[in-house]
Amino acid sequence: ESVMGRYFYYQLTNIYITVTSGFVWRALADILDHPSNVLFILADKFPTVVGYFVSILLTKILAGLPVIILRGGALARMLFLR
């Protein structure tokens, strides 16, 4: 498996862990008070971190992907070694 593939999975895991821990942390007090309503509490708190999730995805797609596609080093070598 390539380094880029592992890095992609690392980034994906990092985003999901961050989002999941964010809304679980915010819901922890409510869960401890009402343990029978765990799924309803998590469903209520999840939309509070969706903005972060969407902004991270947009940043990675709009800023990171063009940098990877352009491959600056290879492009520079191609232009200057011709």
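The values are calculated or read from the model by the stated rules, or taken from the named source; none is laboratory data. Source: prediction; values computed, not measured. A quick note on method: Cβ atoms are made from the backbone with ideal geometry, for glycine too, and the neighbour counts reach across all protein chains shown. Heads up: the accessible areas ignore ligands, DNA and RNA and are worked out on the full protein's heavy atoms, side chains in. Shrake-Rupley method; radii C 1.70, N 1.55, O 1.52, S 1.80 Å.
Points to keep in mind about this one:
- Near pairs, Cβ below 8 angstrom, 6+ apart or cross-chain, from the range 21-48 (touching a residue at least 12 places away in the same chain (Cβ under 8 Å) and part of a helix (DSSP H, G or I)) to any residue that is loosely packed, with under 13 Cβ neighbours inside 10 Å and of a type outside the set (Val, Ile, Thr): 41/34
- Filtered residues of the range 9-38 (kept if exposed (fewer than 13 other Cβ atoms within 10 Å of the Cβ), under 20 Å from the mean Cα position of the chain (by Cα) and not hydroxyl-bearing (Ser, Thr, Tyr)): 12, 14, 17, 25
- Test result for residue 76, more than 27 Å from residue 16 (Cβ to Cβ) and of a type in the set (A, V, I, L, M): yes
- Among the numbered conditions (1) at pLDDT below 80; (2) within 20 Å of residue 21 (Cα to Cα); (3) open to solvent by less than 60 Å² (accessible area, probe 1.4 Å), the only one that residue 48 does not meet is (3).
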